[in-house]
Each structure stands twice: as C-alpha cells, then as structure tokens.
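Remarks on the structure that follows.
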Amino acid sequence: MLKDLEIEAFIAQKSSFDLLIDARSPKEFNESHIPSASNYYALNDAEHHEVGTVYKQVSHNDAKLLGAHYICLNAARHLMEIGRAYKIGSKIGIYCAKGGLRSSSLAIILSHIGYQVFRLQGGYKRYRYHVLNYLEHLPHNRFIVLGGNTGCGKSELLQKLSSSLDLESLANHLGSSFGSIKGIQPSQKSFENHLYERLRALPPESYIFVEAESKKMGRCTIPSLLYQRIHQGFRVEVFAPLEQRIQRILNDYQTMSPEFFYHAMYKITPYIQKNIKEAILEAYEHHDLEKVVAMLLVEYYDRVYKKPQHNDMSLENNEEKSALETLKSLHVKLSSLSDSKM
C-alpha cells in the first residue's frame, strides 16, 4: 500500500510510523531533518551532485537514467537492512526534498513488498514551511519563566517538570560565553524542527515552564514570537546558595578542555577586571577548578546578569523537592485563574 499525505495528515500519523525514512542525501540529512527520521538515501552525496550536474549540463533524460541506476543500487542495500529490522506490513513514512523521484522510487518498492507506506507530499520543503508557519503563528502564550543567576538550578527544575520547554537542551548550549561546553550545536533548522515538535506536544492552553534566555544561544536563535511571549510570561526569580551553585557548574566544567577554557576566558576579557582574570587563570593552572568556578560566578556571571524589570515571584531552590512542589502548585493556581476568566 502506498498513500500520499498532505503535511497535516502526515504529522498526525507520524507517531504511528514504525520507521520514518529521509530519502535525501546524507549531507542534506545531517544539516536538518524531521526528528526521529532515519537516513536511507536514494542518492549519496557524490551521486546527488553528479546527477544534478548531468541534469544541468548534459540532459534531463541522461540525469534520470543515471539517478535511477544509483537509486536501484542503494535501494538493494537498504532493503536488506530494513527487512531485518521491520517486518513486512510495518507502517513506513517517507519523504525527500520536495516529494519527488527519490522518495517515490523507494516508496514504490517498499509498498510492492508489502509495507504500508505513507509519502509526504511536498517533502521536507513542505515540512519546513509548516514548522516556520507554526512558529510564526505560535498558539502558545502562557509561560512561567524561570530566571536567576547562573547555577541556581533552573535547568534541573525544568527537566523534572512535565509541562516544560528546555531551550538549552534543544540548542545544546548553556546560553553564556562558556555555553558551548556541551559540544556541537544543531543547525538553526534542526533547532527549529525540534522546538516545533516539543511545542506541538504541549497543549496550547497550558502554562509552560521555560528558562529566561537571551534571544541568541550560540548559533541558535529563538524565534521572535516565542521570545516575545516568554518575556511576557509570569516571572519566577530563582535563588540558591553559592556553594550549591558552584557544585552545579562544576559538573558541567569537569570535562572542559584547556583550549576551550582559554578561548572562553578571552571572550569575557572585556567584561572582567584584569586582576580577577589573572587570578582565575592562576587557579586554573593550579588545577583548582572549584576556585575558578567560584570566581567566575561571583566576579563575572553575577555582575553581567541583567536583573529583570519585574518579578512576579521569588523561589529559594536550596532544596529541589520543595522548589518543585512550589512550582507545580503555581502551575495549578495560574491554570485555574486562567480557566475562570474564560
């Protein structure tokens, strides 16, 4: 069975697919793709480039023949792998760049074997349009925003709250000069795709816990409407003892390489006193990472942290269980107040 689906129907069924296939080249896939997709390419990077060149410089027919040749070779390899992992009759979603030859070729073969195949009309281009349109007309406008100094445990709280949006996790960035310590960030497109998928899973009428962030998190930028609505949300300023803050940041900084540390220190040079910077560098060279973190928190992070114009509530996070209970109670209270006004 082979069925073409419009984007709304495809998205609605996506969670029921046993396998979601991205039939584009590995380069296209690695740049960004629909979350949960696997890359069973019709053409690899070199083949995709070669077919495109023949299409432009020789003839459309020659390009189609060459493309079909490569697709058959690649499909033969993919089929054996898919067959071992997914029994005949499984539901398979599939897409390529624009819903053309690459996805239809694999889809026809899989459907004739006996798989239930659902192909996205318009391909990944249509999905991206859908994502951007969703983020530009965001249905969510109720946010409980956790602010506070670095290390006060905002991220840890978010991870334990069900109705939450963890932007730092989605961007793989801590939102500071040392923010890229987590490693390589996703592309902007990939960040937006995962952001869309997370928001779509949260009811639009529900309050969402989120951390106050700068608009730009490393190379990822928070969409304008979402950023605006977050900063219009109910603001909770979180506080925690300095010793707890130090221990939290230490957990992140333990694996920091010397190259990363010195580069980050170079970036914050304009915002820190020379003697403080020298003391931090000396502590680092003596392998006293705890002292490094303490000085960074007090002499850099706390000084550059922009205090909000208003706070709707303050929360002491010296005991996580109690802080979580307070936030959950706040969620119930705000939700009840909103429902009573409807």
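Details
- In the range 159-176, the residues that are of a type in the set (A, V, I, L, M, F, W, C), modelled with pLDDT of 95 or more and within 14 Å of the chain's Cα centre (by Cα): L165, L167, L170, A171
- When residues of the range 93-133 are limited to those that are under 14 Å from D4 (Cβ atoms) and charged (D, E, K, R), the one modelled with the lowest pLDDT: K98
- Given (1) in contact (Cβ under 8 Å) with a residue 60 or more places away in the chain; (2) within 30 Å of E319 (Cβ to Cβ); (3) in contact with a Lys or Arg (Cβ under 9 Å, 6 or more places away or on another chain), number of the condition I249 does not satisfy: (3)
Matching residues to (1) in contact with a helix residue (DSSP H, G or I) (Cβ under 8 Å, 6 or more places away or on another chain); (2) assigned to a helix (DSSP H, G or I):
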site	(1), (2)
D4	no, no
K14	no, yes
L20	yes, no
R24	yes, no
P35	yes, no
A42	yes, no
A46	no, yes
K64	yes, yes
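Residue-wise test of (1) hydrophobic (A, V, I, L, M, F, W, C); (2) at pLDDT below 95; (3) closer than 28 Å to P186 by Cα.
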| residue | (1), (2), (3) |
| --- | --- |
| K3 | no, no, no |
| D22 | no, no, yes |
| S25 | no, no, yes |
| Y40 | no, no, yes |
| K64 | no, yes, no |
| I82 | yes, no, yes |
| K91 | no, no, no |
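- Within the range 25-63, the set of residues being within 30 Å of R200 (Cα to Cα) and aromatic (F, W, Y) comprises F29, Y40, Y41.
- Any hit, the range 54-61, residues being in the same structural domain as L106 (by TED's automatic domain parsing) and not in a helix (DSSP H, G or I): yes
- When the range 1-15 is filtered for residues that are out of contact with any Gly (no Cβ under 9 Å at 6 or more places or on another chain), farther than 16 Å from N193 by Cα and touching a residue at least 12 places away in the same chain (Cβ under 8 Å), the ones remaining, listed by number, are L2, K3.
- Residue in the range 89-96 that is part of a loop (DSSP other than H, G, I, E, B), out of contact with any helix residue (DSSP H, G or I) (no Cβ under 8 Å at 6 or more places or on another chain) and more than 30 Å from Y301 (Cβ to Cβ) present: yes
- Taking the numbered list (1) buried (at least 16 other Cβ atoms within 10 Å of the Cβ); (2) without any contact (Cβ under 8 Å) to a residue 40 or more places away in the chain in turn, L297 passes all entries but (2).
- Of residues in the range 1-44 being surrounded by 18 or more Cβ atoms within 10 Å (Cβ to Cβ), farther than 21 Å from G83 by Cβ and hydroxyl-bearing (S, T, Y), the one nearest to the chain's Cα centre (by Cα): S32
- Residue list for the range 214-237, filter: of a type in the set (D, E, K, R) and under 10 Å from N141 (Cα atoms): R229
- Helices (runs of 4 or more DSSP H) completely within the range 221-309 that count 2 or more residues being under 30 Å from Y196 (Cβ atoms): 224-230, 242-253
- Some residue of the range 198-207 being of a type outside the set (D, E), in contact with a strand residue (DSSP E or B) (Cβ under 8 Å, 6 or more places away or on another chain), assigned to a helix (DSSP H, G or I) and under 24 Å from G153 (Cβ atoms): yes
- Y127 meets the conditions (1) over 19 Å from the mean Cα position of the chain (by Cα); (2) farther than 20 Å from Y301 by Cα in every case but one. The failed one is (1).
- A264 vs. criteria touching a residue at least 12 places away in the same chain (Cβ under 8 Å) and more than 11 Å from L296 (Cα to Cα): yes
- Number of residues in the range 185-226 that are of a type in the set (A, V, I, L, M, F, W, C), without any contact (Cβ under 8 Å) to a residue 60 or more places away in the chain and out of contact with any helix residue (DSSP H, G or I) (no Cβ under 8 Å at 6 or more places or on another chain) equals 1.
The values are calculated or read from the model by the stated rules, or taken from the named source; none is laboratory data. Quick caveat: nothing in here was measured; it's all calculated off a predicted structure. Please note: Cβ atoms are built from the backbone with ideal geometry, for glycine as well, and neighbour counts cover all protein chains shown.
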